[in-house]
Structures are given as C-alpha cells and as structure tokens.
Ligand code: SF4
C-alpha cells in the first residue's frame, strides 16, 4: 500500500463504502466485455485495478512531459498548484476550533424530531390523525452537503470581520441559502450567460466555493485576487475531475453525461482538454449513431451535429477527430440508470467500430456516480414498489409521493422522475410553503415547468386514511420536510377527517381548471 498516494486511497475508500454496485468494469480488465460481472467484489477489484492504473499513469506522466508536453498543460496540475497555496483552505482541519459549535448549530437549524421518530420505526412510518407517512429509507442531506455547510458555517465563525462571498449558491436549497444570507454572506449571482461578476471581491475577502465546485478559470481569478478560498467541493465531484484528468493523459475526449449549464458540469468541463456533454440517452444515441456511420465527406450531417452540440462541446471540437478515442464521465447527480445505459451504448458502438481488441485504446469508463444519489434513487423506487405491491406483500397504495428539494437541484429532480415514470402521483416542492391552506400545491414538473396551484388532496370518502410517500433531495434539511408534513396533516384534518358531509369535489374541479404553468428558471 505504501506506493498509493492519498488521492488513490481516497478513491478506493469512496468506492468500497458504496452500498450498491454500479456494474461497470474498466475495459482494460476484461478480455471479453460480454463476460463482465456486476458483483460488489468484482467492482471493488475493478476500482483497485483502475487506481493502479492511476499510479502507473503518474509514473508515466513525467516521461510524457519530457516528450513534449509541459507539466502545466495538464489542467489538474494547474488546479493543484492553486489548491496547494496557504490561503486555499480545504477540509475541516482548518476549522477545528469552531467544529463543536458549528455542528451543534447545524443540528439546531436543520434536524427534525418528527423525522428522527420516523427513522426509529421499522419501516420509517409515521401515523397521525388518520394520515400515514412513509419515509424513503435514504433521503435528505448527503454527507457532501453536510460537509459543505459545515465548512461554510465554520468560515463565517472563523473570519467574523471579513467580507464573505459564495460563488453563486452553496447548495441548491432555499432554507440553507437563506441562513447564509442572514449571516451576511454575499452570493455572487450568475447573469443570463452564466457569467459571474467577481469585481465585487476585494483582496483579503473570503470566498467559498460550493459543493459542486468551481471552474478552473474561477479558481485562477480568485487566486489572482489574493483572497482566502474556502473550498467546499464534494470529494465525489473531485473524483470526476480526476477521471477527466485520466482522459487528458490518455488523449481521450471526455463525453460527459450531464447538463452543460449546470454548475457542476461547468466545473468538470473546465477540467477537460476536449469534451462534449450529452444530457440524456437520446443525445447519446445521436452521438453514437454519428460515431458509427458519419464520414468526413458528409458535411451536412457534420454541420447538423455541430449545431446540436454547439453549446455543449469544447471550442476546438471536431467530431471526426475527437470521437475516435473517448472516455465517459458524468455529473454526479444524474439518473444512474441512464448513465449506465449511455456507458453500455458508447462501449458497444466503439467496439463495433474498432473491434474488441482495440477497445482499451479507444474507450475508458470509470464509475463516478455518487453513492448518495444512487441510494436515494433506490429508496424512492422502493416506495413505488410499496404502492404497487399487494397488501399481503407489504403493499400500501399511496395517495401521492412528496419530493422535497430545491427546484434547481438536479438530484431532487431525478427523485421525481422515478415515481412519474412508474405512474405514481407525485409532486416536487422546494419548500413547505408550496403546500397551501386552500389545499393547493405549487410544484415543479419533470420538464421544469412550475405548476402554481394544483389541488393536492383529491376527493375521497370522509374518514379515509391519507397515505403519503416522502423523500427529499441530498441538499434538503429534514426540518424543511417536517414543515411540509405538518401542513399536509392539517389539510388531512380539514378535508378528510373532519369533513363528514362529504367531499368538496366541485370546488376542487374548479381549482384544477385554473391551474397555471410557468417556466422554471
Ligand atoms: S450528492 Fe453526492 S456529489 Fe453531490 S454533494 Fe452529495 S455526496 Fe457529493
């Protein structure tokens, strides 16, 4: 083990702590791609082998540099050079003195007694006044978000006299961001072109980088401004950056499964020499089809390809040159089944084009789906199973599934997709106030629209039990969920338990007619 550096050990630890296997193996491990296994042990083996590759690659790197590539051409080295400076603070080590106080303050603000009670029951259930709530086994704050908030709060306590800034938002949650606003932290907003105005930052200020990271250009700007940087980037995101570094060393184009305008993907793109983003399987199929059959003579097709991806690829991108050798990376919060399907598609396409013997030269893949994202998606899938199972199999039909999390939160949006795709009535809200006393709900749909006032509790027999599945995104405090459940309990009392005369069908139908849809930002 002594030859493994910290980065390698961290990668192994991250992977070995995964409770669920992703199923990818690196092509170099397997002489027959079709015989790949999906067990945890084999996956761990693949991770260890792959990290050995990283060690090999690092040994090989100086040789490559001697062969014409300067060390600083590798974007990771530029990032590391900044991150090694004394005013660049990473990890809790820098804030030991305030740790206890900050941890307690976070508990006071974000924990929920009601949710803790639910977690203590065998099936995460709360029954109250004719309502049953079933909480997803994995939900809410992930450790990366907790770590990020802890570092941000610690910075506020440690530098009480400094002007503090955050590049955009720390995480995508209104409650957390409001708390930071209240601590006089300045949020550097994006304009319509995704640009941030850093002129408001002065020498000596403290600038926090969010959980989803910052671009290399932003890091360079802050470095030049001589500020203190508190880097709260989640290690899972940094793991993706290490993967695209491997792509750069191997001369591969990074195909990123992610939304090109999302902050995390923007940061990842900035760590790539050559990249293209595909936001979903459909775009990946378009790309794979191009790889499989487009020729340089086919100018019309090439132009159409470039038009489609003009905002989603590096400026020098040439599809005939840069799709010959590719590696897959992803935004950590994407829908895991889709990332897996894209990986399989790209691998199959490259193998068909170049043959199985050359697959290692032309394709590289490494699991970078965040474990927290994965287990939350699995848990909401379980809630859907419960909805469809027969009572004797532990089933219990749900009136709806409530998903709580920021409207900009990618991982929360994916939690909604699962019940929606399985036909379970479900709503994504960003705060408790989205549920109103008049029995309407403001919620975000799968396509990003905001429905302003849909009826929540539909007519049913008075006295009937209300059954609600509950989950929340990785950046959502339990306290926010508790507040939402409190309002639902009140509505349940009002509309079902106390309404002996019957339902309010006509009023509700009328309200449904006035539902409005606006675009989500
Ligand atoms: S969802 Fe995953 S990648 Fe994002 S902050 Fe949490 S642990 Fe990190």
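We did not get these values from a lab; they are worked out from the coordinates using the rules stated. The shown structure was predicted, so the numbers you read here are calculated from the model rather than taken from an experiment. Every residue, glycine as well, gets a Cβ built from its backbone with ideal geometry; the counts of neighbours run over all protein chains shown.
Here are a few things to note about the model shown:
- Using a simple spin-label model with pseudo-atoms 7 Å out from Cα toward Cβ, residue 163 and residue 315 lie 3.0 nm apart.
- Placing R0 at 35 angstrom, the Cβ-Cβ distance between residue 220 and residue 189 gives a FRET efficiency of 0.95 after rounding to 0.05.
- In terms of the mean number of neighbouring beta-carbon atoms within 10 Å, the peptides 263-269, 306-312 order highest first as 263-269, 306-312.
- Ratio of Rg to Rh for the stretch 99-206: 1.10 [Cα atoms; Kirkwood radius as inverse mean 1/r over pairs].
- Packing-based order for 417-426, 341-350, using average beta carbon neighbours within 10 Å, highest first: 341-350, 417-426
- Residues residue 301 and residue 324, FRET efficiency given R0 of 22 Å [Cβ-Cβ distance, rounded to 0.05]: 0.85
- Length released on extending from residue 119 to residue 85, taking residue separation times 0.36 nm less the Cα-Cα span: 8.0 nm
- Once the Cα gyration tensor of the stretch 158-307 is diagonalised, semi-axes √(5λ) in Å: 36, 16, 14
- Relative packing of 116-129, 485-498, which averages over residues the other C-beta atoms within 10 Å, highest first: 485-498, 116-129
- Residue exposure proxy: 95, 305, ordered by other Cβ atoms within 10 angstrom of their Cβ from fewest to most, comes out as 95, 305.
- Distance from the alpha carbon centroid of the stretch 340-373 to that of the stretch 172-216 works out to 36 angstrom.
- Added length on full extension, which subtracts the Cα-Cα distance from 0.36 nm per residue, residue 348 to residue 202: 47.4 nm
- Span from the the stretch 75-90 Cα centroid across to the the stretch 245-317 one, whole angstrom: 28
- Here the label points at residue 445 and residue 92, each 7 Å from Cα along the C-beta direction, are separated by 4.3 nm in the simple model.
- Counting all C-alpha pairs of the stretch 219-288, share separated by more than 14 Å (%): 64
- Whole-Å semi-axes of the ellipsoid equivalent to the stretch 405-482 (Cα gyration tensor, √5λ, descending): 21, 14, 13
- Within the stretch 249-399, the proportion of C-alpha pairs whose separation exceeds 25 Å stands at 36%.
- Note on residue 392 and residue 101: with the Förster distance fixed at 41 Å, the Cβ-Cβ geometry gives a FRET efficiency of about 0.20.
- Stretch gain in nm, segment residue 422-residue 128, where the contour uses 0.36 nm per residue and the Cα spacing is subtracted: 103.1 nm
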